[in-house]
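J.: Just dropping this structure here.
A short reminder: the numbers here are calculations on the coordinates, not readings from a lab. Here the structure is a predicted model, which means the values were calculated and not measured. FYI the Cβ positions are ideal-geometry reconstructions off the backbone, even for glycines, and counts take in every protein chain you see.
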């Protein structure tokens with residue numbers, strides 16, 4: 001039997017190979033760590049900047065809230081008079097004022113010297129309705145007599161009354177003129193023949 005001797009494997013080669021692998025792993029780990037640190041630093045910087053911005057905004061809001069405010073002008077929001085046209089009701093009342101009554105409108109117009117339109121009427125309540133004889137709608141009025149129509153201050157129609165026309169004058173049996181009532185309202189004694197003698201009733205308020 002023949003024995004052939006083999007060359008022994010050197011232990012130094014294995015150690016050298018293990019050292020190379022260890023160095024490679026160390027270099028890879030160092031590279032990964034160096035890449036991670038800038039990213040973490042950037043994220044920290046952004047977070048810090050956001051926190052600083054929020055703090056600055058909060059401080060600004062607190063300063064605005066605590067800053068004293070200038071007192072509001074009492075005339076602020078009130079509009080100027082639209083115009084001075086005497087025919088425009090807006091010239092007599094400020095925008096925002098309470099709605100004027102009919103009496104206030106008429107008084108304002110008359111104080112301005114306007115006697116036409118609404119200004120031609122007396123303020124409500126200052127000229128009470130006239131009381132007189134009621135005139136049926138189907139009653140034929142003789143010459144010189146007229147129906148006088150009225151309304152209350154609330155706009156309710158009143159039954160017409162009998163009045164003399166402005167230019168009419170009655171005469172007695174001797175042809176002498178009869179004194180006419182100052183308000184031209186026909187009294188029962190001067191009513192035309194056939195007219196039922198009944199006074200009107202003013203509607204209640």
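J.: Report the extension gain between residue 199 and residue 147 in nm, rounded to one decimal, defined as 0.36 nm multiplied by the number of residues separating them, less their alpha carbon distance.
T.: Values: separation 52, 0.36 × 52 = 18.72 nm, distance 1.34 nm.
Result: 17.4 nm gained on full extension.
J.: Simple spin-label model, 7 Å along Cα-to-Cβ: residue 94 to residue 180 in nm?
T.: Distance between label points: 5.0 nm.
J.: Moving on to the next point. Please find the FRET efficiency linking residue 127 to residue 172, where r is the Cβ-Cβ separation and R0 is fixed at 30 Å, and quote it to the nearest 0.05. Write out the running numbers ahead of the final one.
T.: Numbers: r = 32 Å, r/R0 = 1.07.
Step by step, r from the Cβ atoms, then E = 0.40.
J.: Also, quick follow-up: Give the peptides 174-185, 145-156 in descending order of average Cβ contacts within 10 Å, highest first. Write down the numbers at each step before the final one.
T.: Values: 174-185: 10.2, 145-156: 14.0.
Taking the mean over residues of other Cβ atoms within 10 Å, the ranking is 145-156, 174-185.
J.: Tell me, in nm to one decimal, what length is gained between residue 139 and residue 120 on full extension, where the rule is 0.36 nm per residue of separation less the Cα-Cα distance? Display every interim value, and only then the final one.
T.: Numbers: separation 19, 0.36 × 19 = 6.84 nm, distance 3.12 nm.
Result for the pair: 3.7 nm of gain on full extension.
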